[in-house]
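**Student:** Structure provided below as structure tokens; questions to follow.
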Amino acid sequence: MEELFTSPYFGIALSVAAFGVGVKLNRKLKSPVCNPLIIAIVLIVAVLLIFRIPYESYNVGGEIINMFLAPATACLAVAIYTKIDILKQYWLPIVVGCGAGSAASMGSVWLLCRLFGLDESITASLLPKSVTTPIAVSIAEPAGGVVPITVVAVIFTGILGGIFAPLLIRIFHISDPVAAGLAIGASSHAVGTSKAIELGEVEGAMSGLAIGICGLITVLFSMLC
Amino acid sequence: MKIIKQIGILFAVCWISELIESALPFSFPASVIGMGLLLICLLTGFLKVEHIQEKADFLMENMAFFFVPAGVSIINYFDILKTAAVQLVIICVISTVITFAVTAFCVKFTVRLMNRRKK
């Protein structure tokens, strides 16, 4: 029985199947709460627990999928490159906004963690939670963070941004689409960006730019800490 | 062959960034070095977007899928989650709102300053 599940094909096939179900459900229910990634994680955890399959067996295939994270992050460069004209036109507000946003995110998380008396490893896991997952993980891991907590916090933050972005734009009276787009991208990375694209072309482009730039700035900040 | 070539180019970029990472005296994520390296290649015209377009679209459109295994490893950390779940939710909500507001207002302020200077 054991050998059946230690093949790398098992982990890969299970991941693809669970993610497929997640995408289908997401399309049907059209709610940002039904994030395909969250659905896939819940399904796989359930399968592993019910059939008593050790996590290590699943992860033989999982590690192969992990290998694609670095090239996927590198491809954010393509997103920046295709929007280079907007970047040149608005470089100052983009850099100022993303810099201040990244600092506000890390600062507020650090303060709140202190306030709740959370330990160092949880604080390190949460600090980069506003940037896109591959960058957040590569910041949290060497700092002594717990990677899955980072992943869950990042996705949860993205979903929050996706749901509340229109409301926040109204509350804070953000009429400028450049400001709105950058704020969405800085606070809730790729998941928020999918909402920003719905709001408008400028919002979407700005939000997409903010993902890569906030990621870079957050890396620089975390090196200083 | 097209896709294989594109995979080859991207993996080569990632491999070179890992080499750079290990040569650097301080720790800097290889994936972010890869992003910078790729951007430089595109800006200098060493690589054209067409060289990697399909593979890049494939990776970025399916970005979430590649995090499935990383997320599943939460199974090993249920204890930590149980003790701090409420705090984690509160932290995420508050800091997301703060980040949003600070970014939006800083951009608004900078754009206003730029416009004033132009006049």
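**Student:** Quick one: of A:K24/B:K2; A:K195/B:K55; B:K48/B:K118, which pairs are farther than 32 Å apart, Cα to Cα?
**Tutor:** Violating the 32 Å limit, Cα to Cα: B:K48/B:K118.
**Student:** With loop defined by DSSP as not H, G, I, E or B, and exposure as at most 16 other Cβ atoms within 10 Å, which is the longest segment of chain B clear of exposed chymotrypsin sites (Phe, Trp or Tyr not before Pro)?
**Tutor:** Segment B:47-119 is the longest.
**Student:** Okay, next question. Under a point-charge model restricted to the Cβ atoms of Lys and Arg (+1) and Asp and Glu (-1), what is the dipole moment magnitude of the protein assembly as shown relative to its Cα centre, in debye to the nearest 20?
**Tutor:** 1380
**Student:** Next question, about the same structure. Which whole number gives the average count of other chain Cβ atoms within 10 Å of the Cβ atoms across peptide A:145-152?
**Tutor:** That average works out to 6.
**Student:** Still on this structure, please answer the following. Just to be sure I understand: with springs between alpha-carbon atoms less than 10 Å apart, which residue in B:V68, B:V93, B:V13 has the highest mean-square fluctuation in the Gaussian network model of chain B?
**Tutor:** Between B:V68, B:V93, B:V13, it is B:V93 that shows the largest mean-square fluctuation.
**Student:** Still on this structure, I have one more. What aspartates and glutamates sit close enough to A:K83 to cross-link, taking a C-alpha to C-alpha distance under 20 Å and skipping anything fewer than 8 places away on the same chain?
**Tutor:** A:D176, A:E198, A:E201, A:E203, B:E50, B:E54, B:D57, B:E61
**Student:** Among the trypsin sites (Lys or Arg not before Pro) in region B:34-107, which ones are in a DSSP loop with at most 16 other Cβ atoms within 10 Å of the Cβ? Mind listing them?
**Tutor:** Passing both the DSSP loop test and the Cβ count: B:K48.
**Student:** Then there is this: Can you tell me which of A:V151, A:V137, A:V78 moves the most in a GNM of chain A? Springs connect C-alpha atoms under 10 Å apart.
**Tutor:** So, out of A:V151, A:V137, A:V78, the one fluctuating most is A:V78.
**Student:** Something else now. If I build a Gaussian network model for chain B, linking alpha-carbon pairs within less than 10 angstrom, which residue out of B:L37, B:L88, B:L59 has the largest mean-square fluctuation?
**Tutor:** Comparing B:L37, B:L88, B:L59 in a Gaussian network model of chain B, the most mobile one is B:L88.
**Student:** On to the next question. Within region A:41-135, report the chymotrypsin sites (Phe, Trp or Tyr not before Pro) that DSSP leaves as loop and that have at most 10 other Cβ atoms within 10 Å.
**Tutor:** Passing sites in region A:41-135 are A:F51.
**Student:** Ok, one more. Take every residue in peptide A:180-190, count the Cβ atoms of other chains within 10 Å of its Cβ, and give the average of those counts.
**Tutor:** Per residue, the number of nearby Cβ atoms from other chains is 5 on average.
**Student:** Add +1 for every Lys or Arg and -1 for every Asp or Glu among the other residues with Cβ under 13 Å from the Cβ of B:R112, and state the total.
**Tutor:** Here the count lands on +4.
**Student:** For A:W91 and B:F78, FRET efficiency with R0 = 51 Å and r from the beta-carbon atoms, rounded to 0.05?
**Tutor:** After rounding, the FRET efficiency stands at 0.70.
**Student:** Could you pull out every one of the lysines with an alpha carbon less than 24 Å from that of B:K82, ignoring same-chain neighbours closer than 8 positions?
**Tutor:** Here the lysines satisfying the reach criterion relative to B:K82 are A:K129.
**Student:** Starting from the Cα of B:R117, step 7 Å along the direction of its Cβ; do the same at A:R114; then give the gap between the two resulting points in nm.
**Tutor:** 3.4
**Student:** Could you let me know the centre-to-centre spacing of region B:59-76 and region A:1-78, using Cα atoms, in angstrom?
**Tutor:** A separation of 6 Å, based on Cα centres.
Since every read-out is calculated from the coordinates, none of them should be taken as a lab result. Every value quoted in this text rests on a predicted model; they were computed, and no experiment measured them. Note: ideal-geometry Cβ built from the backbone for every residue, glycine included; neighbour counts use all protein chains shown.
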